[in-house]
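Here the structure is laid out as C-alpha cells; the discussion comes afterwards.
The values are calculated or read from the model by the stated rules, or taken from the named source; none is laboratory data. Small disclaimer: the values here were computed from a predicted structure and weren't measured. Here the Cβ positions follow ideal geometry from the backbone for every residue, glycine too, while neighbour counts run over all protein chains shown.
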Amino acid sequence: MATVSVAVLLPATTQPAIAQQKTASVQHSIPAGPLPQALNRFADVSGLQLVYDAGVTSKLRTKGFNGKGTNTEILSALLSGTGLIWRSTGANSVTIESPSVAANAEGVVLADDGSINLNTITVSNGGILGSHADTYQTAGSVNYISAQEVEQKRGTSVGDFISGIPGVLNGDSRNSGALDVNIRGLQGQGRVPVVIDGASQEQTVYRGYNGARSGSFVDPDFISEVSIEKGASGAADANGAIGGVVRMTTLGVHDILLPDRQFGVRVRGGFNTNSTSAPAVMTEGGMKGGWYQPGTQPNLRDGGNMDRPSFLNPTGGNGSVAAAFSSDFVDFVAAYAKRKNGNYFSGKHGSGQPYFVDKSTDPDFPNIGFDGLSPWKGGEEILNTSMENESLLFKGNFQLGIDHALELSFMRYTSEFGEIMPTRIGTHTSAIGVFQSEPDTLDLKTYNARYRWSPESDLIDLKINAFRTDMDHRATNLLPGWGGVVSTSVNYAQTIRNGINVSNESLIEAVPGEFRLEYGGGWQHETLGLPKDIDDKQWVINHSEFPPRSGKRTEKNVFMNGKWEINPQWKAAAGIRYSSFRTSDDNNSMKMIGNWPNFEYELIPGKVTHVSGHGISNHASLNWEPLDDLQLYGRYSDTVRMPSIFETLKGFSTAYLPAGLEPEKARSFEFGVNKTFEDLTGNSDQFRVHAAYYNNHIKNYLTRSNVIYDEPIAGYVGGLGMINLDYAKMAGIELSADYQIGNFTARLGWNHTITSRFCANPGTLWQQEALCSEGGFANSYALQHVPPKDTVTLELGYKMFDDRLMLGTRVSHYSHRFTESTTATQNEIQPGKWKPYTLVDVFGSYNFNEATRLDFAIDNLTDRYYMDALNAALMPAPGRTFRLNMTAKF
C-alpha cells in the first residue's frame, strides 16, 4: 500500500482547491480514541509539524480515520466533531485551534498571562507499520526502525540494522547473510517470524555439529520501515510467534517521489572500507598449532592475511535505482539493487585475541595450541565473510473504487555469500584449521497479493494477504584431510511456502463504549527437498553425505480478537486461536551402488510417515490510563507453536523423532508502564519512558539433545534426537527512554535477563544427570540462544544548520552470556563464546536539499576486537569501518 507523501497542508478555508490537487493518498488506520494520541500518530505518518494548545485537545476524542485519503482528508476526519479546525502556518507545519482563535490570531495561542501556550510535536519518521511514538503509547513492548535508521545501522552484515533494540539480537550474524532474530532468548523455528510485506520466507538449515540456523533474507536498500513486536502475538500474521514478530515493508512511492510529484527516480550509491576480495578456496588463515616431533621446530601458522587496507580506502560498494509512479488509481514501484563486499578485517584492540600456549601433557608428544576467543588475530582478514547480492522489486498498488485496494508485488533476491561450518574453525576435534570455503548461493523469489475492502460500514474492514516464497539455498562444505586431500560435502535445499491470511474487523455498537471484533484465519503449506533445477542431480546426491530432508507440511489456524475501550481510561483486549499442523516425511535413504572408490549413491524414497498436532492459544490484556501521559498495562498469553518442518522431518543429527512430539505452549506475562513528561525544564522539552517486566514459561520446549530412545537403534540406547523438554523459562526487565530538547535527542535501551532455565522430564536425557540447566543441555540448539545478562545502548543526536546536518553517536554494551555453559567433549554443540564488550559508532547525514542526502558512518570507532553475542561460529566481528552513501531523487 502507498503511504502519504510529505505535502503542504493549505488553510482550511481553501479546502475545495485542495480537493483538486493531485496529492498522494494512503490506505491508513488511526483508531478512535484520545485526540492527542491520534494527532501524534498523524504527525509521524505525514511528516508535518502540528502546533496546538495542549489544554484544549487533552480532553477531546476523535472518531479516527480508516480508509484511503490525503493529508487533508485524514486530518479533517480526525478533527471532525471536535470543534477544532486546522490551517497552514508554514511549509511543513499546521496549527490546530478553535474557529474563534483562528479568526483573531496568526498561529499563536496565548494563555491568560500572555505567554505562549503551545505543544509542538517534533516529527519522527513513521509509516504504515507505526512510528517511534508507539514504543511509549502501546500496551506492550514494541520498537520501530525507519528507512534512514536502517541506513545508519546497516553495518557490514545484514543483521546489524536491528542492533540497539533492547531484548533483540541477531544470531550468528557474521557467518552468512541471514536474519535469525532472537527476542528475549527465543529464536528459530518460527518462534520469531520475519514478515516482509506480509510474506514469511524462513528456512532452517543444518549447521553441522554446531546446530541449525533459521534464516530470512532482504537487501537493506529495499527496506522502507521495520516494526518489532516483542512477546507472543495474537495478530493475523503471527500464528506460533511465541517470541515476537519482526515486520518489514519494502519500498513504496513515498520513499521515492518528491512532494507533489507523480513520477520520480531515486538513485543511491555508496562504499565501505575494511575489506578485501575473498582469496582462493582453501586459503588458510588464523593461528594454528599442533603436534610436532620432539627436538624439532613446531610447524605453526601465526595468522593469515594481515594486509589491512587504509581506513578510507573503498573496498566494497552498493548501488540501487528505484522508479515510482503515482496517480489517484495506481501506484507503481520498480527497483534494482546490487551490493558487493569482500572478507572484512577484525578490530585490533581488546581482549580475547588468540595467543600460542604449550598444551603438552607428555614430553614424548609435544603440542602447541592457542587460547583466546577465536583462532583469528586482531586486524586479520576474517575468511568466509564476503557477500555479493542482487535484488529486484516490482510493486503495484491499485485503488479499485473508493473502498477497495489491491497490492501486487514480486521481489527476487540472489546472493553469493561466505559461510563455513562452525565445526571447521575450532569447535570440533576434527577441525584442522581455518580456511576459505566455497561460498553459498541463494535464489529467493517472493510473490505477494494483498487486498483490502474498507467501506463506510462499521462491520467491514476486510484484509486478505496471499504470498508465495521460493528459496533455493545451496551450501558447499569442504572437508580437508591428510595429505592435502579435500572432499566436498553439499547441503542443497529448496523451500517453497504458500500462505494466505484473512481477517475482518467489525465495530459492535451493541456493546457500551467502543468494541471492535477481529476474526479470521490462515493457511500455510511448505515443501522441502532438493532443488528442482539441478544441472547434475546425481553429483549432488553423491556429495550429500546423508539423505536430504524431504517432505511437506501444512498449518492452519482460525482466530478471534476483541478490543474493548470501556471508557477513556480503561481498555481491555482478549483473543483465542485454534491451530493445527501435519507434516509428511518422505523418509529418504541413500544406497551405495558399486565399491569404494568407484561407487555412487542412489536416493531412495521410503514409506511416507506423518506427524500432526493441534492446540488452542489465548491472550488477554488490560490497559489503564489514569492520566493522559501515563499508561499502565498487563498482558497474559497462552500461545501454542506447532513444530516446524525442520523439527518434524528426519535428517542427519535428528534421525530420531519421538512419536509423541508435542507443540510448544508458551505462558507469558508482561507488566509495563509508559510515561511522558512534558516541559521539564521550561524549554518545551519532552521525556518519554517505557518499562516492562516479562516472564516466558514454555511448556514442551522443543529442541535437539542427547536423548534416550524408545527402543534401541543399531544397538544404541540413546543419541541425538528431537525432544520436548518439560519447560524452558526466560524472564527479564526492559527499559526504553528518549529525551528531546530543541535539536538534541537522546535514546536509551536496556534489557536485563533475570532468568534463563531449561528443564527436562526424568528419564528422557541420555548420559546427562542434571534435569535443569540455565544454559541448555548437551547438543541442544538452545545453547546458541542464551542472550547476554545485560545489553545497554545509548544513542545521542543533534541537528544543526536548519536541520540539514544531523550528527549522532551510539554506545552499546553487551555483558557476558547469562551463564557460561560447558560441554563434556568438543564434538558437541558449543555455546557461543564472547567477553563483555562496548562498541562506539558515529553517524550523520547532510541534506543538501529535499532531493539529495549524504549519509556517513564509522562503525566500531575504537577498532575493538570482539565476538558478537549469540555467535555460533568463532568469527570476530568487523573492525573500524567507514561507510558513505549518497541518495538523490529526481
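A few notes on this one:
- Selection of the stretch 146-155 for residues being under 27 Å from A212 (Cβ atoms) and either among the basic types (K, R) or crowded, with 23+ Cβ neighbours inside 10 Å (or both) yields K153, R154.
- Of the strands (runs of 3 or more DSSP E) lying entirely inside the stretch 145-221, those containing at least 2 residues that are farther than 19 Å from S233 by Cα and at pLDDT 85 or above are 203-206, 212-215.
- Look at (1) in a strand (DSSP E or B); (2) more than 30 Å from G520 (Cβ to Cβ) and you find that A659 fails only one, number (1).
- Test: residue in the stretch 793-806 that is in the same structural domain as A737 (by TED's automatic domain parsing), within 26 Å of R207 (Cβ to Cβ) and touching a residue at least 24 places away in the same chain (Cβ under 8 Å): no
- Elements of type strands (runs of 3 or more DSSP E) in the stretch 688-802, at least 2 residues being under 30 Å from A857 (Cα atoms): 727-741, 744-759, 790-800
- Reported count of residues in the stretch 539-598, each being of a type outside the set (S, T, Y) and not in a strand (DSSP E or B), is 19.
- Residue count, the stretch 462-489 (criterion: of a type in the set (V, I, T), modelled with pLDDT of 90 or more and over 25 Å from A573 (Cα atoms)): 1
- Each residue in the stretch 630-647 was checked for being more than 24 Å from L603 (Cα to Cα), crowded, with 18+ Cβ neighbours inside 10 Å and among the aromatic types (F, W, Y), and 1 of them qualify.
- Unique match (being buried (at least 16 other Cβ atoms within 10 Å of the Cβ) and in a loop (DSSP other than H, G, I, E, B)) among K650, K607: K650
- Every pair of residues 6+ apart whose Cβ atoms lie under 7 Å, when the first sits in the stretch 159-181 and is in contact (Cβ under 8 Å) with a residue 40 or more places away in the chain and under 20 Å from T414 (Cβ atoms) while the second is surrounded by fewer than 24 Cβ atoms within 10 Å (Cβ to Cβ) and among the aromatic types (F, W, Y): S176/F417; G177/F417
- Here is the figure for the stretch 382-406: residues that are more than 30 Å from P878 (Cα to Cα) and out of contact with any Asp or Glu (no Cβ under 8 Å at 6 or more places or on another chain) total 7.
- Residue satisfying all of: in the stretch 729-739; touching a residue at least 60 places away in the same chain (Cβ under 8 Å) and out of contact with any His (no Cβ under 6 Å at 6 or more places or on another chain); nearest to L702 (Cα to Cα) among these: M730
- Odd one out for S374 among (1) hydroxyl-bearing (S, T, Y); (2) part of a strand (DSSP E or B); (3) modelled with pLDDT under 95: (2)
- Among the candidates G749, G715, residue that is over 21 Å from N239 (Cβ atoms), assigned by TED's automatic domain parsing to the domain that holds S617 and touching a residue at least 24 places away in the same chain (Cβ under 8 Å): G749
- Every pair of residues 6+ apart whose Cβ atoms lie under 9 Å, when the first sits in the stretch 558-574 and is more than 9 Å from N623 (Cβ to Cβ) while the second is β-branched (V, I, T) and in a strand (DSSP E or B): F559/I576; M560/I576; N561/I576
The rows are residues; the columns are (1) without any contact (Cβ under 8 Å) to a residue 60 or more places away in the chain; (2) loosely packed, with under 15 Cβ neighbours inside 10 Å; (3) closer than 25 Å to R424 by Cβ.
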site	(1), (2), (3)
N367	no, no, yes
D371	yes, yes, yes
M387	no, no, yes
L400	yes, yes, no
H404	yes, no, no
E407	no, no, no
